[in-house]
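Trainee: Handing you a structure now.
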Amino acid sequence: MHKSPDPNTILTSLNGQSLPLKGWVTSFHLLLVVLDPFTHESSWIVKTAGRILGNFSDADCRVGWVVGGTADETEHFLGPWSTDYLTFTDPDFTFIKHIGMTETPGIIHINQAPELIASAQGWNPEEWQKVVSGVADLMHWSKPAIREIGDPTQYRGAPLSLGEATSIVTGSLSPGCGKCSACRAGVSEKCQET
């Protein structure tokens with residue numbers, strides 16, 4: 001069950017700036033995609049999530065990533081996406097666990113209170129659409145199209161690895177389409193689309 005985070009929970013950006021959550025939401029809501037760099041499920045959604053976040057980059061909210069890894073792991077996993085939006089590192093999964101996430105990928109919307117307004121786990125386009133539609137309504141902004149051509153098919157998220165995996169999955173640079181049954185099973189070398 002997802003819950004509002006403690007406003008004093010420290011979030012550290014990729015550039016090393018650490019502030020309590022309440023410091024990150026003084027002027028703007030947060031729309032964050034939650035990822036675990038040790039799971040294929042998180043890597044499959046990076047490109048789609050980047051497109052969704054891009055829709056809100058000029059809106060009156062902050063958009064970005066929360067990655068359950070160190071700065072190096074986050075940069076390695078997200079590649080160029082790590083500098084396109086606000087990126088938080090959460091190597092101990094403290095924040096991710098605090099909001100009640102049990103699997104990734106996910107998307108969360110936090111207001112200025114700071115309270116968790118909406119969230120979704122796994123890649124369920126309808127649930128993600130509800131989250132981003134709520135943000136769009138509050139920001140008086142356009143709603144992004146969810147389920148565009150090239151987006152992965154719906155899939156359940158992976159349980160949090162809590163950083164215990166031995167290798168990072170390369171995010172948007174991983175081979176395979178991320179949509180076919182072989183890619184979703186983690187054997188992208190047998191990809192049916194490439």
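The values are calculated or read from the model by the stated rules, or taken from the named source; none is laboratory data. Model, not experiment: these values are computed from the prediction. Counting neighbours? That spans all protein chains shown, and the Cβs are built from the backbone with ideal geometry, glycine included. Calculation scope for accessible area: heavy atoms of the full protein, side chains included, ligands and nucleic acids excluded. Shrake-Rupley method; radii C 1.70, N 1.55, O 1.52, S 1.80 Å.
Trainee: With a Förster radius of 25 Å, plug the Cβ-Cβ distance of GLN112 and ASP84 into 1/(1 + (r/R0)^6) and report the FRET value to the nearest 0.05. It would help to have the intermediate numbers written out before the result.
Mentor: Values: r = 24 Å, r/R0 = 0.94.
With a Förster radius of 25 Å, E is 0.60.
Trainee: Within segment 71-134, list the GluC sites (Glu not before Pro) lying in a DSSP loop whose Cβ has at most 16 other Cβ atoms in a 10 Å radius.
Mentor: Values: sites: GLU73, GLU75, GLU103, GLU115, GLU126, GLU127; in loops: GLU115.
Qualifying residues, ordered by number: GLU115.
Trainee: May I ask you to rank HIS140, HIS2 by accessible area, largest first, using a 1.4 Å probe over the protein chains only?
Mentor: Working: HIS140 160, HIS2 55 Å².
Result of the area sort, largest leading: HIS140, HIS2.
Trainee: Also: Relative contact order of segment 115-156: what whole-number percent is it, with Cα pairs under 8 angstrom and at least 6 residues apart?
Mentor: Working: 29 pairs, mean separation 19.9, N = 42.
After rounding, I find 47 percent.
Trainee: Could you give the dipole magnitude of segment 42-151 about its Cα centre, charging the beta-carbon of Lys and Arg +1 and that of Asp and Glu -1, in debye to the nearest 20? Walk me through the numbers before you get to the answer.
Mentor: Values: 7 positive and 15 negative charges, 51 e Å.
Charge dipole, segment 42-151, about its Cα centre: 240 debye, nearest 20.
Trainee: Roughly how many Å² of ASP60 are accessible to a 1.4 Å probe, to the nearest 10?
Mentor: Only protein atoms counted, so the area is about 100 Å².
Trainee: Let me ask you something else. Heavy-atom accessible area per residue, segment 33-106, 1.4 Å probe: how many Å²?
Mentor: On the way: 2390 Å² over 74 residues.
It amounts to 32 Å² per residue over segment 33-106.
Trainee: From the phi of every residue in segment 42-53, what ³J(HN,Hα) in whole Hz does the Karplus formula 6.51 cos²θ - 1.76 cosθ + 1.60 yield, where θ is phi - 60° and glycine or proline is x?
Mentor: 6, 5, 5, 9, 4, 5, 4, 5, x, 5, 5, 4
Trainee: Right, here's the next one. Once you have a ≥ b ≥ c as the square roots of the Cα gyration tensor eigenvalues for segment 15-96, tell me rounded if a/c is under 1.5, and otherwise prolate or oblate according to whether a/b is larger than b/c.
Mentor: On the way: a/c = 1.84, a/b = 1.17, b/c = 1.57.
In terms of gyration-tensor shape, oblate.
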